[in-house]
1. Could we say that residue 258 is in a loop (DSSP other than H, G, I, E, B) and within 23 Å of the chain's Cα centre (by Cα) here?
2. Yes or no: residue 86 under 28 Å from the mean Cα position of the chain (by Cα), at pLDDT below 95, closer than 17 Å to residue 243 by Cβ and in the same structural domain as residue 187 (by TED's automatic domain parsing)?
3. Counting just the residues of the range 417-445 that are surrounded by fewer than 20 Cβ atoms within 10 Å (Cβ to Cβ) and in a loop (DSSP other than H, G, I, E, B), which one comes out nearest to the chain's Cα centre (by Cα)?
4. Identify all residues within the range 284-311 that are over 22 Å from residue 139 (Cβ atoms) and not in a loop (DSSP other than H, G, I, E, B); write none if there are none.
5. Residues 111, 23: which one is in contact (Cβ under 8 Å) with a residue 12 or more places away in the chain and over 29 Å from the mean Cα position of the chain (by Cα)?
């Protein structure tokens, strides 16, 4: 069954109507960049994203059917907007009514949008630190058992558990097992699934909603054929009736009143693409990436596709991921991410067979490194919190050399990339130990409370 594309259809009719555009935007549909004739604003019939009752509402119903959600809400400002709305929806009113600051339990490898949300909403965070030393600050493996142990010693019950899964390296959490703990503890399970929108369309769905999550954010633009900024706020069927706030209003609190209709059209069009067999193309792409990883392994590379995130290709190299990324860049290949140990390539059905062959040929030409031991990154600490996130973010601040930061309070995140484990979070005191770690990661300046 091919699903309708009401947003695209409306804009297409408007483009061809010859209507005088005596309204925003200022380009009036004349081509400068090349897409202006289908770039409109909230004119009559175009619906309004945060009060959707017409074509946007119809398109979202199609997306909800595809994802099997209670409702799938569109975002034109990425998962960053969805993360803020998700926390606002989850925290409810119970703590505010008691005069308490809400508490959330979170794995430490969060996108900076999460910390910004905590600052705006005045939420306290109890952090779950990585359970083992690793090769990257992007990973923060958390087991169900560690969550149980943490809950047993907390004096205050968190309103939710927040996880990033998949992470930047494709690592995934045991969401099915963890969701059972959340239900038994009266917590919501919120998942940053920005890198995993496509997981719904694998042979067996690995999407967080199907693993027991109550809400999650999906960045459609990261892995699906959608424009940059296209994202979904996914709300499960079970939790939707229990929310005491309107998800549209929550999104509107953190988004522009002028959402991009170009991005809305790309979300709308994907509904039809997936209903016409794009899911099979995703599965075929995953098989191609797995085969490419096997071929690279035969050349001697430490290459693999994470089981839980098969559209990622991770190549580790003792010469350094940043070094390898530069060699690939010189050969016309730009990777998604590189750190001291690995490069990460995010591939999709939109990559051609020639793309796969060029990656293989380029790495073959570079040559695999001699076998060696990867140096583990410095162990991350749990700094002392002396201010709330909100207090530190909104306090007067200054930027100083890291070497002068001992005893100062972190104002802005010290983080290498989102989502990753920050060495210090807003409101935490920077010690000599954190300074050594910051310098080891190449961070030489830090924002502190003035």
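1. yes
2. no
3. Filtering first and then ranking leaves 417.
4. Correct list: 284, 285, 287, 288, 291, 292, 294, 295, 298.
5. Numbers: 111 fails: over 29 Å from the mean Cα position of the chain (by Cα).
Checking each option against the conditions leaves just 23.
Conditions (1) closer than 17 Å to residue 170 by Cα; (2) under 15 Å from the mean Cα position of the chain (by Cα), marked per residue:
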position	(1), (2)
202	yes, no
206	yes, no
217	yes, yes
220	yes, yes
230	no, yes
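Residue-wise test of (1) in contact with a helix residue (DSSP H, G or I) (Cβ under 8 Å, 6 or more places away or on another chain); (2) modelled with pLDDT under 85; (3) in a helix (DSSP H, G or I).
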position	(1), (2), (3)
370	no, no, no
377	yes, yes, no
382	no, yes, no
390	yes, no, yes
400	no, no, no
406	yes, no, no
448	no, no, no
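The values are calculated or read from the model by the stated rules, or taken from the named source; none is laboratory data. Everything quoted here is computed from the prediction, not taken from an experiment. All Cβ positions, even for glycine, are placed from backbone atoms using ideal geometry, and neighbour counts span all protein chains on display.
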